[in-house]
1. So which residues in the range 51-81 are more than 20 Å from Gln119 (Cα to Cα), touching a residue at least 12 places away in the same chain (Cβ under 8 Å) and small (Gly, Ala, Ser)?
2. Using beta carbons and a limit of 7 Å, which pairs, at least six apart or on different chains, have the first residue in the range 117-131 and at negative phi and in contact (Cβ under 8 Å) with a residue 40 or more places away in the chain and the second one surrounded by 10 or more Cβ atoms within 10 Å (Cβ to Cβ) and outside any strand (DSSP E or B)?
3. Cβ-Cβ under 6 Å, sequence separation 6+ or interchain: first residue in the range 82-106 and free of Cβ contacts under 8 Å to residues at least 40 places away in the same chain and closer than 21 Å to Leu62 by Cβ, partner surrounded by 10 or more Cβ atoms within 10 Å (Cβ to Cβ) and of a type in the set (S, T, N, Q). Which pairs?
4. Within the range 21-44, is there a residue that is aromatic (Phe, Trp, Tyr), within 28 Å of Pro128 (Cα to Cα) and modelled with pLDDT under 75?
5. If you go through the range 86-97 one residue at a time, do you hit one that is part of a strand (DSSP E or B) and under 16 Å from Val24 (Cβ atoms)?
6. Considering each residue of the range 59-88, count those that are on the phi < 0 side of the Ramachandran plot, surrounded by 13 or more Cβ atoms within 10 Å (Cβ to Cβ) and over 14 Å from the mean Cα position of the chain (by Cα), and give that number.
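The values are calculated or read from the model by the stated rules, or taken from the named source; none is laboratory data. What you are looking at is a predicted structure, and each value in this text was computed from that prediction instead of being measured. With ideal geometry, Cβ positions are generated from the backbone for all residues, glycine too; neighbour counts draw on all protein chains shown.
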Amino acid sequence: MTEQIGKGTPMNEGAFFELSDAPVIDAAQAFDDELLHPGEAISTSMVFFVPQGMFDILRVHLEIPTTAVYDSAEAVWTVTRENGCSSTLYRRRNGVRAEVITDLLAAYKDRSIQYQTAQSTRELSMWPSKN
């Protein structure tokens with residue numbers, strides 16, 4: 001453990017804890033909008049029911065794939081208990097889903113797509129407060 005601390009390596013276990021693969025307890029579409037104009041802002045609120053005492057922390061991850069070129073690509077999300085969330089990016093041609101885009105770096109550089117992503121992750125303690 002001392003070696004991991006010295007190298008700044010994340011630890012999966014310690015004297016009083018063990019991190020394990022976390023199950024996905026919910027997945028949802030964050031926004032209904034498909035098109036945002038420059039300078040336009042949107043927001044959303046979600047309420048999750050988490051039974052008391054079941055989890056120590058709740059990790060909330062939001063990922064928003066976007067393109068600068070309208071209708072040039074489509075992200076399809078798959079959620080499974082075994083693998084959590086994964087996405088597949090497709091090129092769109094004439095308004096129809098076409099081939100899978102396997103090289104995301106190329107999609108970022110491609111002027112006909114200009115793929116971008118925004119991500120945010122928060123960890124919320126589920127330990128009861130002592131108030």
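1. Ser72
2. What qualifies is Met126/Val50; Met126/Phe55; Met126/Asp56; Trp127/Asp56.
3. Ser86/Thr78
4. Quick first cut of the range 21-44, residues aromatic (Phe, Trp, Tyr) only: 31.
Filter once more, keeping what is within 28 Å of Pro128 (Cα to Cα): none.
Within the range 21-44, not a single residue is aromatic (Phe, Trp, Tyr), within 28 Å of Pro128 (Cα to Cα) and modelled with pLDDT under 75.
5. As a first pass, look at the range 86-97 and keep what is part of a strand (DSSP E or B): 86-93, 96-97.
Filter once more, so that each one left must be under 16 Å from Val24 (Cβ atoms): 86-87.
Within the range 86-97, one or more residues are part of a strand (DSSP E or B) and under 16 Å from Val24 (Cβ atoms).
6. 5
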